[in-house]
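For reference, the structure discussed in these notes is given below.
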Amino acid sequence: MKLLHKTLLCTLIAMVGCLIFVAAQSKQHKTGLSLSEKVQNLVDMNMKKPLLRFNGAKFREYVKNTPRNYSMIVMLTALAPSRQCQICRHAHDEFSIVANSYRFSPIYSNKLFFAMVDFDDGSDVFQMLRLNTAPVFMHFPAKGKPKGADTMDIHRVGFAADSIAKFVAERTDITIRVFRPPNYSGTVAMITLVALVGSFLYIRRNNLEFLYNKNLWGAVALFFCFAMISGQMWNHIRGPPLVHKTQNGGVAYIHGSSQGQLVVETYIVMFLNAMIVLGMILLIESGTPKAHNRNRMMAMAGLVLLTVFFSFLLSVFRSKAQGYPYSFLFK
């Protein structure tokens, strides 16, 4: 009987020991790396690359799993050409500018990291977050789960570097000053233009009457006005993306807010203004003493151009200024 009790007691102790060991192993497997190990690994990776690239396993380890005392700004994208994401490359470039600006700024610390997950590297992450579009910018706070405001609304504010930095400041209270790499294409273009104009003037140095042509200077002045009122200077200062993606997965050429614009949008506005001016010129010229039928055709063409393209321009303004009540021909 005593032998039976001893056997049962030993068996019970062995079972309890096994359960404790299994529980410890399960807890260790669940928690993975400790907080200090996570932070140290992230800092080490950040020393090599300001923008970290995660797959599904690294995303779960460093972003989803606890403990975590740092915030993560994650871009979920699809950069492979086979994915045919036209704006993902532009978004990646802007996101990289913000990540580099933060990494090499005086405010850099181990409380904020920038990372990206490509669909081909972590399709399970997209399934986990229930995402079926790209690019998406999300903030994962140090404590708690992401809320609705932790997803950047790129359809409203775009994904320019300044917009991303503003989003980061709103969610983390860390203000990042964006530094863009030097772009010498404008300088090269200006030098080339000056060289071409200088060469042309040198060749025509014995016949410069064209410099006194009022129509030539009028066309130059009009082109300058079209460039300025269409927002070319804003593009030069802010560096907006060419286009951006709509909520339905299409491509938007007009920014949906009066606080931003797209590169293609400026050329659309420039063209609309040019057609309106052409219509006004035709209407004015139709009043000069010329053939009656020709004047009538010019007046009709000018009226059609002015009416149609002014309606388009008003429609563009109405789509950007939410709540503007007036429209003409087109909504």
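The values are calculated or read from the model by the stated rules, or taken from the named source; none is laboratory data. These numbers were taken from a predicted model, which means no experiment stands behind them. Using ideal geometry, Cβ is built from the backbone for each residue, glycine included, and neighbour counts are taken over all protein chains shown. Note: accessible area is taken over every heavy atom of the protein model, side chains too, but ligands, DNA and RNA are not part of it. Shrake-Rupley method; radii C 1.70, N 1.55, O 1.52, S 1.80 Å.
Please tell me if S96 is surrounded by 15 or more Cβ atoms within 10 Å (Cβ to Cβ), in contact with a helix residue (DSSP H, G or I) (Cβ under 7 Å, 6 or more places away or on another chain) and polar (S, T, N, Q).
Against the criterion (surrounded by 15 or more Cβ atoms within 10 Å (Cβ to Cβ), in contact with a helix residue (DSSP H, G or I) (Cβ under 7 Å, 6 or more places away or on another chain) and polar (S, T, N, Q)), S96 does not qualify.
Kindly indicate whether any position in the stretch 128-145 is modelled with pLDDT of 90 or more and of a type in the set (F, W, Y).
yes
Yes/no matrix, rows are residues, columns are (1) more than 30 Å from V264 (Cβ to Cβ); (2) hydrophobic (A, V, I, L, M, F, W, C); (3) outside the structural domain of R53 (by the TED database):
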{"residue": "F104", "(1), (2), (3)": "yes, yes, no"}
{"residue": "I107", "(1), (2), (3)": "yes, yes, no"}
{"residue": "M116", "(1), (2), (3)": "no, yes, no"}
{"residue": "A134", "(1), (2), (3)": "no, yes, no"}
{"residue": "F140", "(1), (2), (3)": "yes, yes, no"}
{"residue": "K145", "(1), (2), (3)": "yes, no, no"}
{"residue": "R156", "(1), (2), (3)": "no, no, no"}
{"residue": "F159", "(1), (2), (3)": "no, yes, no"}
{"residue": "I164", "(1), (2), (3)": "no, yes, no"}
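Need pairs with beta-carbon distance below 7 Å; first residue modelled with pLDDT of 90 or more and within the stretch 61-80, second basic (K, R) and open to solvent by less than 10 Å² (accessible area, probe 1.4 Å); sequence gap 6+ or separate chains.
Y62/K38
Considering only the stretch 40-93, how many residues are open to solvent by less than 80 Å² (accessible area, probe 1.4 Å) and assigned to a strand (DSSP E or B)?
10
Going by the structure shown, is L35 modelled with pLDDT of 70 or more and surrounded by 16 or more Cβ atoms within 10 Å (Cβ to Cβ)?
The answer is no for L35.
Kindly list, by first and then second residue, each pair from a residue in the stretch 100-117 that is small (G, A, S) to a residue that is surrounded by fewer than 16 Cβ atoms within 10 Å (Cβ to Cβ) and part of a loop (DSSP other than H, G, I, E, B), limited to pairs with Cβ atoms under 7 Å and residues at least 6 apart or on different chains.
S101/R177; S101/F179; S105/R177
Looking at L278, L282, L303, which one is among the aliphatic types (A, V, I, L, M), open to solvent by less than 50 Å² (accessible area, probe 1.4 Å) and assigned by the TED database to the domain that holds S230?
L282
What number of residues within the stretch 111-143 are of a type outside the set (S, T, N, Q) and part of a loop (DSSP other than H, G, I, E, B)?
12
Being of a type outside the set (S, T, N, Q) and not in a strand (DSSP E or B) is the filter here; which residues of the stretch 315-331 pass it?
Residues satisfying the conditions are V316, F317, R318, K320, A321, G323, Y324, P325, Y326, L329, K331.
List every residue pair whose Cβ atoms lie under 9 Å apart, where the two residues are 6 or more positions apart in sequence or sit on different chains, the first residue falls within the stretch 314-331 and is at pLDDT below 80 and surrounded by 11 or more Cβ atoms within 10 Å (Cβ to Cβ), and the second residue, located anywhere, is of a type in the set (A, V, I, L, M) and not in a loop (DSSP other than H, G, I, E, B).
Y324/L314; S327/L314; F328/L314; L329/V308; L329/L314; F330/V308; F330/L314
One residue is enough: does the stretch 272-281 have a residue meeting the conditions small (G, A, S) and over 16 Å from F330 (Cα atoms)?
Yes, the stretch 272-281 has at least one match.
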